[in-house]
């Protein structure tokens, strides 16, 4: 079965990562996965949230937003509605949690890194693309403060990337675009490390429950896709990437 | 290794389900899992949200809240802060999505069922306990409107329950209480149907990534725990339960 | 004239007070007045609000809420509407003010006691029942910190309870349930101390103004009802109750 | 005992009512009680709130606000804080309820009268002064639409005014100013009709409970003060006042 | 061409400034321009906002609001809608900015002056009238703290007033009332100092763009109108006015 | 005097306009003015806001936002603070008003065009750059619906662009970047049409008032800069631009 964009079931969309797209941010990247485009910036702040004060630990947190016309139909801005939607909160909690899983917060020191993922154009997979891009922005920012000799050890413990998988028709498929996503009976987002361990697994079968076999097929695709993503991250990060993994997660 | 409350790794906490605890609600149950206590009510409203008007379909939606002193330390009410936390939104979206996966909305007709899950006391697993209880409240309410001959077919397609599993120390464990949950390196919530298919899978390894083997161990425990939960649901629902599965999910 | 539930005009509904219903709260009680059920918890916090800092005085404050299906028709949660209704704010101000009238705040020391009154099921008189129950939760919590030798003197100066009275038809009646309340032409909430003095009096004749004679009849009923309530409080509090009144209100 | 401003215990402050202070409002008055100054406007809207639609009845509602520097110390605007305080909500609910008690809503027809009470300067008794002034604005507005032959019957059933009383030292006093109010051990607001019946009674003894005798003394003072207020209303309203009482409250 | 109120094109409406209308505020004035009436109060607070702490400088800030029935049709209160409108925010930012342009903040010392402009009745030009009145309230308040020897130098550097001009029909006109404003094709608000320099210029031709010649005509009228306004300010301020200009703007 | 980036006083920064940057929007452009980058999209909605319903007229409205790290220091998202800042509201009101001045709303028909101006990177002049870019997005969108034969006449009446001018040191300068803007004593934003008439003029001399001569110098620079901008717009719009001006503003 050919997919709408002629990809094979286990094939990623065209992935592009353009680093340094923002002149102010300590780390930034424009990541594109097919027609999905996300600007990820990492901002370093030399203090931590109140709940961490004085503990010698840092913090990594994320925010996610879509421009109003990132989608087929224009969406109302959340700033106008006066509050974040449940979907946005869920996504930004996921991004932050995922990134913290590969950061040794003690080694980061008492500073906060804010990851901002702003979706410029959306065509499926915005949350997984945001995680993959945010990792790059984070590594670039950490690389920068590392060069400034503010860190004793490089605090990133492993690579991290994410991809979506799903069951469309009766077939497991990798990296769904919007058209596939809206007809999928199962939708799963997977976050994995460079060493191949799971960090997050969120599968939902609102349209139809799924079996263990289907779960296994999807996991296999996700594993392959994420390792491909991590290869691209390595190319973009260059020598900064070599420092990853010097310490382990606390 | 013995657990803090002397349970075996694959043992549920004491589960109690007391139906009809509210004199107004069409369906209600107080569900207790160890020291976690949740009042679940199902309220039937004879109309649907605007986005479904005129489509001949119903809707099932959920809200979740904790009393301020449900926990060790008193929490500020979300009504006072003026907005729901990300955690609350994530949980109530999960509950609603899970329940809709076993309801044929066409068979329900143009009405909404509101599930309210109010946590009276929390000791871990409040979201999974809420799903298991909400299913009972939902079935009781559907049973009631079915008796009033408002339905052509009984719209619930299968049983549904949920449980948490995790890796504590190096061991996979079923149905974590708060003490276990706060030391677990992996925390996973699983929702399954009576036929044993997955509806939701949410695993997070913020403290440490997890392997495929660990994932498989957790899934095995979850499967067993959920089938036990469904046995209790059957006892509480009695003859209403016999009508479940007459139609399939649309 | 017989009342809808066969009570006499000066008869309270069945009152039940179940203490220690919450394993975390310093004081807690489930109070039932007929079909009205309220969980009252008292939470002790070892600091005071900013406006009292450094004055050597404590604070007592209350919050009130109803579960969405506490009533015949489901109500929207105030957390969803993003703000408290005027009715809720009025009630929680009343509860806090009433309880503070029998607490010597200097003797309490620099700590805050939060009373949470959560209405599980409502059938009239939820605010008066909340006050009566909150007093018990407060006394239990104060009893607990007294046992921990944190207090020089027991800071509660007198018993306190509350009841509603009204004019239904042309007759003054005690402790209205919802059916009576909605046809009453006058509705009055009275709070009194164990010594029989008034703390709060809130009477409203939106449907029809009332005369001095009617006021006097209602006051007589309220006095009797409140002394009955206080008898129940004494039974529940036992020896803790013996310490009440050791100091006077500052 | 002489009062701070040399008044006798049963003496009102200087009362002034200046009608027609607003060129747009259907009814308006500036009411002054000592240094308390309130602009009351009545705005007629030819429709009713959703909950009354199609019932052939009207509605009367009130809003209350203080200018930021109405008081000794500047207060933050509620519009800036993004929500009304509990105090404001309590007061505007009271004003609306009190005024509705003397309006036959069927005779008013399907229209809403909005009473706005804006406190320009506050020196105690702002809520009672607002009620007394709002009644005048309401009567002027009803007089105006009556002249336009929009009403079959004059819908105001009786005069209505309000005053505060309290126990200062050990003496009951009428119409407390701010200095007295802040030292009073009991504070009571009373609303009465022209025929001398009670509409609202709100007494609070946060500082000290009060006895039946004290209650009676305060009620006597309130009765006298309110009848004096109503005399002033009659002078301001002139012939419009003659139409009051033609119908009774529904 | 005669104007609706028989004024000449370059003629101001009747201007009245009544100082000391508020017994609490350090400075206050009721300013009337035709039927537009604004109460302006200046409140002195002996501290500065966080962003200025410890810099030895003061702050001047303004808030603007309209009573609900200041206009032909009643407006909803912004406190009820839970937020300020864009129009209100724009106006109060303008008032604050304009006043700060004639205050030497170092000479003011570490204190804040809050200007509150509350529109009691609106008939066009409420923002310009507010600026002119707020300057008087500010000068009175500064005069008062100057008399208390809290200031080394009088910190107001120049007089300041504001007026609106516009093109109605094809003619430039000064000080538009509401009827003129709503038919004007161009509307311009001008703020100038006593020395005749511009502080703010806000012209908008939503209905039709305007030429340089039209701009020049409007500027000429504004200049004349503002100098007239400043004459009135001088009369009201008396000897306080003589101190203005002792220091220059920092 | 050379400027920080070696420009002459009357020289624009490098301007780039990249059309069609968004695959969903009816019109879109990325506009760059030096390091200021704004994505402008125009979204066509086939209905009008309630206040225009049934009048046969269309509407044009704008929203403005900055990504959190568009600036040197990261800014909190307005969606997180729960409300728009006064600055944002002021800017988006300005953009909408300016664009409506060159659209014949009757000729547009009953549809709304939403202009979204999202600042990706900010280096001064974001509001003027947004207006210039939004005009291009608007024209592209109108061009598109015109091609679909939904319009009888092309509703855009003239070109429109905007630029900032200011007094830096003692010299009038065109198109200030952030470094210049923060030291300018006067800052003025000018919006003009292709025919050279003024649409908006907003000048503010918070740091120092300005003279008529300075105003005239600034206006001259603005005129030149805006005509340059309009030349670029013409190149981007091509044949669509030829239709502009077929009708006049209503």
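The values are calculated or read from the model by the stated rules, or taken from the named source; none is laboratory data. All values derive from a computational prediction rather than experimental measurement. Note that we place each Cβ from the backbone using ideal geometry, even for glycine, and neighbour counts take in every protein chain shown.
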Exercise. Given the conditions (1) within 14 Å of chain C (Cβ to nearest Cβ); (2) in contact (Cβ under 8 Å) with a residue 40 or more places away in the chain; (3) in a loop (DSSP other than H, G, I, E, B); (4) under 16 Å from the mean Cα position of the chain (by Cα), which single one is not true for residue D:245?
Worked result: (4)
Exercise. Would the stretch D:20-32 turn up any residue that is within 21 Å of residue D:108 (Cβ to Cβ) and within 14 Å of chain C (Cβ to nearest Cβ)?
Worked result: no
Problem set entry | Matching residues in the stretch A:207-224 - criterion: being facing chain B (nearest Cβ under 7 Å) and without any contact (Cβ under 8 Å) to a residue 12 or more places away in the chain | A:209, A:211
Problem set entry | Failed criterion for residue E:81 (all others in (1) at pLDDT 95 or above; (2) farther than 30 Å from residue E:167 by Cβ hold) | (1)
Exercise. Before we move on, is residue F:25 touching a strand residue (DSSP E or B) at 6+ places or on another chain (Cβ under 8 Å), within 17 Å of residue A:69 (Cβ to Cβ) and crowded, with 21+ Cβ neighbours inside 10 Å?
Worked result: yes
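Would you call residue A:115 within 14 Å of chain B (Cβ to nearest Cβ) and either under 24 Å from residue A:20 (Cα atoms) or touching a helix residue (DSSP H, G or I) at 6+ places or on another chain (Cβ under 6 Å) (or both)?
The answer is no for residue A:115.
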Seminar exercise, completed: Only one of (1) more than 13 Å from chain D (Cβ to nearest Cβ); (2) within 21 Å of residue C:36 (Cβ to Cβ); (3) under 15 Å from the mean Cα position of the chain (by Cα) does not apply to residue C:181, and that is (3)
Problem set entry | Condition check for residue D:137: buried (at least 24 other Cβ atoms within 10 Å of the Cβ) and more than 14 Å from chain C (Cβ to nearest Cβ) | yes
For this session: Select from the stretch D:58-83 the residues that are within 14 Å of chain C (Cβ to nearest Cβ) and out of contact with any strand residue (DSSP E or B) (no Cβ under 9 Å at 6 or more places or on another chain) and write down the one among them that is surrounded by the fewest Cβ atoms within 10 Å (Cβ to Cβ).
Result: D:81
For this session: With respect to residue A:97, determine if the residue is touching a helix residue (DSSP H, G or I) at 6+ places or on another chain (Cβ under 8 Å), closer than 23 Å to residue A:142 by Cβ and facing chain B (nearest Cβ under 9 Å).
Result: no
Exercise. Surrounded by 23 or more Cβ atoms within 10 Å (Cβ to Cβ), more than 23 Å from residue B:13 (Cα to Cα) and touching a strand residue (DSSP E or B) at 6+ places or on another chain (Cβ under 8 Å): does that describe residue B:145?
Worked result: no
Exercise. Has the stretch B:123-132 got at least one residue that is more than 14 Å from chain A (Cβ to nearest Cβ), under 23 Å from residue C:78 (Cα atoms) and buried (at least 21 other Cβ atoms within 10 Å of the Cβ)?
Worked result: yes
For this session: Could you please find all residues in the stretch C:148-173 being crowded, with 20+ Cβ neighbours inside 10 Å, more than 12 Å from every other protein chain (Cβ to nearest Cβ) and more than 16 Å from the chain's Cα centre (by Cα)?
Result: C:154, C:155, C:166, C:168, C:172, C:173
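Regarding the stretch D:182-191, can at least one residue be identified that is more than 24 Å from residue C:101 (Cα to Cα) and either assigned to a strand (DSSP E or B) or touching a strand residue (DSSP E or B) at 6+ places or on another chain (Cβ under 8 Å) (or both)?
yes
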Exercise. Limited to the stretch C:64-94, what total is found for residues that are touching a helix residue (DSSP H, G or I) at 6+ places or on another chain (Cβ under 6 Å) and farther than 29 Å from residue D:203 by Cβ?
Worked result: 4
Exercise. In the stretch F:87-180, which strands (runs of 3 or more DSSP E) lie fully inside it and hold 3 or more residues that are touching a residue at least 12 places away in the same chain (Cβ under 8 Å) and within 30 Å of residue A:29 (Cβ to Cβ)?
Worked result: F:112-121
